[in-house]
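Student: Attaching a single structure in structure tokens format; questions to follow.
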Amino acid sequence: MKASAIIVAAGSGTRLGFDVPKAFVELLGRSLLSYSLRSIAAVSVIEEAVVTVPPGMEPRARAEVCAAGLEIPVKLTPGGAERQDSVRIALGLTSAEAELVVVHDAARPFATPAMFEAALATAARVGGAIAAIPLADTLKRVGDQRVIVATVARTALWQAQTPQAFRRALLIRAHERAVIDRVIATDDADLVEQLGATVAVVDGSAFNFKITTPEDLRLAELAVAALLDR
């Protein structure tokens, strides 16, 4: 099956404290965006990509695409006000010939080609699939004045990540429904689930964490440095 990739790279990243958008923050000499671009370049079923970027960052993004050595068509588009808007905009730019679409956040630079391949293969079978890991921590529900009111059982709870892959027609329908019903979700799987469609999980990794804070970036730097020292 032919697949399109959507890389969501339009976030401001204000919590990181840099004067450039998050996807263009460097991690040991490479932008966060470049890591995701190089991963999808290694996935043979992905035949095109659409990257959402902050308005005005298209030239910088094009340079990152060229540096990553992608041999597939890559479209660049300004993102929307929210992540969901950005995905919807990018989805409208994907080829009608693509049967599958995989969505990934540039803020997760350590997603491997194998994760993309597993999500796409499973989505082709059941309709949708996301990278995820079983929840390891104990969850507490906290009320006023930070008082614990309940402990949430973690059995059967998984932490959602990206990449997330879906049949293209299904994802389009989910986003169209969200606009009509004014539904806001934090990931695409939620929108697809609300249609009653099947979304499965494939193995993610604790290493596939999202970089949001300066502490996350420091952990990522240490992780990459450790790999380079091997």
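The values are calculated or read from the model by the stated rules, or taken from the named source; none is laboratory data. Everything numeric here is computed off the predicted structure, so don't read it as measured data. Glycine also receives a Cβ, built like all others from the backbone with ideal geometry; neighbour counts cover every protein chain displayed. Side chains included, ligands, DNA and RNA excluded: accessible areas come from the protein's heavy atoms. Shrake-Rupley method; radii C 1.70, N 1.55, O 1.52, S 1.80 Å.
Student: Could you count how many residues in the range 174-189 are open to solvent by 80 Å² or more (accessible area, probe 1.4 Å) and in a loop (DSSP other than H, G, I, E, B)?
Tutor: 3
Student: Looking at the range 52-70, which of its residues are surrounded by fewer than 17 Cβ atoms within 10 Å (Cβ to Cβ) and either outside any helix (DSSP H, G or I) or small (Gly, Ala, Ser) (or both)?
Tutor: 55, 56, 63, 67, 69
Student: Select from the range 190-201 the residues that are out of contact with any helix residue (DSSP H, G or I) (no Cβ under 8 Å at 6 or more places or on another chain) and either farther than 22 Å from residue 107 by Cα or outside any strand (DSSP E or B) (or both) and list them in ascending order. Walk me through how you get there before you give the answer.
Tutor: Step one: filter the range 190-201 for residues out of contact with any helix residue (DSSP H, G or I) (no Cβ under 8 Å at 6 or more places or on another chain), giving 190, 193, 196, 201.
Correct list: 190, 193, 196.
Student: Now for a different question. Any residue in the range 91-112 that is hydroxyl-bearing (Ser, Thr, Tyr) and buried (at least 21 other Cβ atoms within 10 Å of the Cβ)? Steps first, answer last, please.
Tutor: As a first pass, look at the range 91-112 and keep what is hydroxyl-bearing (Ser, Thr, Tyr): 94-95, 112.
Of the ones still in play, those that are also buried (at least 21 other Cβ atoms within 10 Å of the Cβ) are 94.
Yes, the conditions are met somewhere in the range 91-112.
Student: What are the pairs with Cβ atoms under 8 angstrom where one residue, in the range 13-28, is part of a helix (DSSP H, G or I) and the other, located anywhere, is open to solvent by 70 Å² or more (accessible area, probe 1.4 Å)? Sequence gap at least six, or different chains.
Tutor: 22/12; 24/60
Student: Considering the range 29-51 alone, what residues qualify as being buried (at least 23 other Cβ atoms within 10 Å of the Cβ) and either free of Cβ contacts under 8 Å to residues at least 60 places away in the same chain or in a strand (DSSP E or B) (or both)?
Tutor: 31, 37, 46, 49, 50, 51
Student: So, one more: So residue 86 fits all but one of (1) open to solvent by 40 Å² or more (accessible area, probe 1.4 Å); (2) of a type outside the set (Val, Ile, Thr); (3) more than 20 Å from residue 1 (Cβ to Cβ); (4) in a helix (DSSP H, G or I); what number is the exception?
Tutor: All conditions pass for residue 86, except number (1).
Student: Among the residues that make up the range 130-153, is at least one of them open to solvent by 80 Å² or more (accessible area, probe 1.4 Å), among the hydroxyl-bearing types (Ser, Thr, Tyr), over 26 Å from residue 25 (Cβ atoms) and modelled with pLDDT of 95 or more?
Tutor: There is at least one residue in the range 130-153 that is open to solvent by 80 Å² or more (accessible area, probe 1.4 Å), among the hydroxyl-bearing types (Ser, Thr, Tyr), over 26 Å from residue 25 (Cβ atoms) and modelled with pLDDT of 95 or more.
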